[in-house]
Every structure is written in C-alpha cells, then in structure tokens.
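What follows is a set of notes on a single structure, which appears directly below.
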Amino acid sequence: MLRDLGDGLVLRCAKPQDTEALAEFQRVRQFGEDEPVESNADSTRDLMRGDLPGFAPEDWTVVEDEQRGAIVSAQCLISQTWSYGGVHFPVGRVEFVATHPDYRRRGLVRAQMRIAHQWSRQRGELALAISGIPWYYRQFGYEMAVEYWGGRRGHPDAVPRLLDGRSEPCLLRPARPDDVPLLTRLYEQGMRRYLVSCVRDDELWRFDLVLRSRGASRYQEIRVIESTPGVAVGILVHRVAPDARTIVYELEDGVRFENVTPSVLRYLRAFGRQQAGAPKDEQSSRLVLELGSTHPAYEAVCDALPVTIPCYACYIRVPDVPQFMRHIASAMAQRLASSTWAGHTGVCHINFVSEGVRLTFVEGRIKVDAWMPPQLDNRYRPRIRDALFPGLTFLQLLFGYRSVEDLEHAYADCLVASDPAREMLNVLFPPRPSFLWAVE
C-alpha cells in the first residue's frame, strides 16, 4: 500500500491479479457504462502483460474501496524517451487517468499524481506529459506547450482515380518483423523536421508490430510502401477506422511525395470502406492524414484533402526548468551559432516570478543556472530581468509552441525588457512544429 486515503480507500500499485478488474474499469470509465470502450480494456491488458518496453504492472496506481473490493480510480506512468532538436531526454507519460463518478472530487487523482511525480523524479525524468482534456491537468503543474496532432481531411470521392489501363505505381503490404530496421530509420529521418518528437527504437516497433493486441485502442496498422515487389520506398502507419486516420507517412530520400501519395490515398480509401460499419457512417465519409501542422505530403493532397484539422496541445510538466535547459543547451547553442549572435558574450535573466534562470554566454557557449529574482524585479519596470514570463508560460516558448510575440500578445504580464533581448529570445527559442506519437 502506498497510502491510506481514509473512508476505506487505499492507494496502491497494481498487481498482475488486478488485470481483469482494471481492464473492466478502464472499459467503462472513459465515457460511462452506457458508452463502454472495449479497446481500452485490451490496451489495459497489453500494459498489464508487461510486454511494453520499460513498463511493468506496478507502474499503475489504483485506488481501491476495500469494503466493496473494487477499483474506483486508476492511472499509469509510462517512461519513454523524447527528442528536443536532436537531444534525447527522458519523459514520464501519465495515461489512462480515470475515476468512478461516485468517487470524484475527493482528490484521488491528485494523490496519484503525487506518486507519479515522485516516481518520475526517482527515474531521472526531466519532463512529464499528458494528452488530456482541456484545463484539468493545469492544476497539477502542467502547461499545454507542445503541438499535438492536427492534419488534413477530405472526402474519399475526391481521391484521384487510377486511369484506365494503368497499374498502381506503388503497393502497400503489411510490415513484417524483418522490416523493423526500415521502420526505425525512416521514422527517425522524418522526425528531424520537428522540434519535439518521441524516439521509437527497434524494440518499440517490434512491440507495435507483433505484441500489441489488434483490438487495443493504441493498435495501428503498419504498412511498407513498395514501388516494385521487394523495393521499399516508404512506410505508413494508420488506425483501424473508417477514416483510416494516418499518423506516420515517410518516404526514402529522393522519393517524391507527389508521386507516391495518390497510391497511398487509394489504399486508405479502400481500407476505410472495408471498415465502415454503415454506408452513412460519419467516418466513412472522410479520409484523414493526422501528421501534424506541417508535412511534405500535404502539398500532394491539397485537392483531395482540403480541410485543415487544427492542432490540439500536449500538456507538459518540467519540474526543474534550469536542469532541463542545461540538458538541451547544445541545441540552444547551435541556434545561437547559426545567427547574428554567434560568439556572443553576456548574460540574460529570465524571470518566472517565483523563480527564474540566468543564461551566461561566453563566446557562444551557454551556461544555465537557477536564479531567484528579487521581488522588485517582478513589477512592471524591470530591475534585473531581460524578460518576464509568469507561471508556466515560458514552457510554451521553450517547446516552440508559441513565439515571444505570441506570448506578449496573449498575456499582458509577459514582458520583454528590450529589443535586443527579444531578438535573442527569438533566436534561442524560435517557434517550430512538433509531432508526438508517444509511447502509450
């Protein structure tokens, strides 16, 4: 037992014998007993088997009502590795947060969050992440700070048809275990266009390809694109749904998206129609590429998929901002070196009100230290600071989600002391798209 919560409720780690009770709990808790999600039960069983790299059943916390012998709240922490401008960093992802309606507003999630944060700190993780409902996770120290999903959609009938007598230029086949190196390489290649992404190594690809249950909510179809049999030119990952929602689409260097994408769309249209439950199924009347805000395939689908799907945002919690910035200092230094600030020597103070950071530049090298701003520096007129970003707003800048000007416009108390300081911050933290297919 991790903690006695009173009123007959105990907070503890899950055990293998909890598998079916936890799976049933997750099945009905997302939308209620009238709208069960069977795929959540399968995803829970997948996690409880312990096959996901770096995860064990004990990484679940559950709150049990001992009098009823029932699980009434639960969540889990999935450790993984992300990349920030090519610099890898450890992350803890909180997932499957749920509470029985009769037990809500009793602080059960807050108690479990404290445990998750403690575990994450013990594991040496520099950030935590949640893809969750609006506002809720802000109360636990999270900020919406990384671009999440977004894409393009259109009607299947708009997909260009293959001309009579022509053979399909590219064919798609199910990926095999011996394709794992190809999947890893092309995925990593594609993620270079983004500031923040999840690192997926061979072991993770094997799990998704071989061990994940087909009925699980996180299950994806993984395909290899071939120009001729045995000649792979790309990879595709999409969901099992009438809209065949695609989340990964990458090609070998030198292969043009405009040449391959019509074949991909025709494959997705055929797959989606096989999945459609009824002729008027809403999802069957659209195709979706959910590849983030920017992707080279979008230029090739502008006529077939003309509707832009706006991005959501992923919650991020960074317990120690100076520590995180020290970890990614090489990425910051690289931006500085490629700008007019190359070789700069000086100091920049960034004030978060209750804490802050001091950046010391010596001929382009960057040293990051924690800095406690004096109280007078928190007023409208700066005393020491070069910029003021109250609360967690700086995370939006740090993770490329918003520019300095965006934050100044949105928050009256985000203040930059001078034009040179604004110019430097724009160099160090330019807005950049991110793409998160996180481990879950």
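Read the figures in this text as sums done on the coordinates, not as results from a lab. What you see is a predicted model; the values in this text were computed from it and never measured. Cβ sites come from the backbone with ideal geometry, for glycine too, and all protein chains shown count toward neighbours.
Odds and ends about this structure:
- Inter-probe distance in nm under a simple model that places probes 7 Å from Cα toward Cβ, at residue 226 and residue 201: 3.0
- Gyration tensor (alpha-carbon) shape descriptor, the stretch 213-335, a/c threshold 1.5: prolate
- Assigned charges on the beta-carbon of Lys, Arg, Asp, Glu; the stretch 318-428 dipole about Cα centre (debye): 220
- Subtracting the Cα-Cα distance of residue 171 and residue 423 from their residue separation scaled by 0.36 nm leaves 85.9 nm.
- For the chain, the dipole from Cβ point charges (+1 on Lys and Arg, -1 on Asp and Glu) about the Cα centre works out to 580 debye, to the nearest 20.
- Relative contact order (%) - the chain, alpha-carbon pairs under 8 angstrom, separation at least six: 17
- Mean separation of Cα contacts under 8 Å, 6 or more apart, over the residue count of the stretch 3-125: relative contact order %: 21
- Considering only 371, 129, 96, the residue lying farthest towards the positive end of the dipole of the chain is 371, judged by Cα position with unit charges set on Cβ.
- Computed E for residue 381/residue 432 - FRET, C-beta separation, R0 25 angstrom, nearest 0.05: 0.20
- With the highest mean first, a sort of the peptides 210-217, 30-37 on other beta-carbon atoms found within 10 angstrom per residue produces 210-217, 30-37.
- The length gained on full extension between residue 121 and residue 302, counted as 0.36 nm times the residue separation minus their Cα-Cα distance, comes to 60.7 nm.
- Among 224, 19, 289 the positive-end extreme of the charge dipole of the chain (Cβ point charges): 289
- Computed [θ] at 222 nm, helices only, for the chain once each DSSP H run of length n ≥ 4 contributes -39500 (n - 2.57): -7500 deg cm²/dmol
- Set of the stretch 6-40 residues, backbone N closer than 14 Å to the point 7 Å along the Cα-Cβ line of residue 58: 12-17
- Three-way shape call for the chain based on the alpha-carbon gyration tensor, with the a/c threshold at 1.5: oblate
- Residues 248, 87 in ascending order of nearby Cβ atoms (within 10 Å, fewest first): 87, 248.
- The alpha carbon convex hull volume per residue for the stretch 131-207 rounds to 183 Å³.
- Under 15 Å from a label point set 7 Å out along the Cα-to-Cβ vector of residue 273, the amide N atoms of the stretch 229-245 belong to 242-244.
- For the stretch 151-310, size of Cβ-based charge dipole, Lys and Arg +1, Asp and Glu -1, in debye: 420
- Packing rank of 4-10, 135-141, where each peptide gets the mean count of other beta carbons within 10 Å, highest leading: 135-141, 4-10
- The chain: DSSP helices with Cα axial extent of at least 24 Å and average Kyte-Doolittle hydropathy no lower than -0.5: 257-275
- Over the stretch 151-310, relative contact order from alpha-carbon pairs under 8 Å, at least 6 apart, %: 35
- Note on residue 188 and residue 17: the extension gain reaches 57.8 nm, defined as 0.36 nm multiplied by sequence separation minus the Cα-Cα distance.
- Distance between the C-alpha centres of the stretch 284-322 and the stretch 91-117: 28 Å, rounded to the whole angstrom.
- Cα shape, the stretch 318-428, gyration tensor, a/c 1.5 rule: rounded
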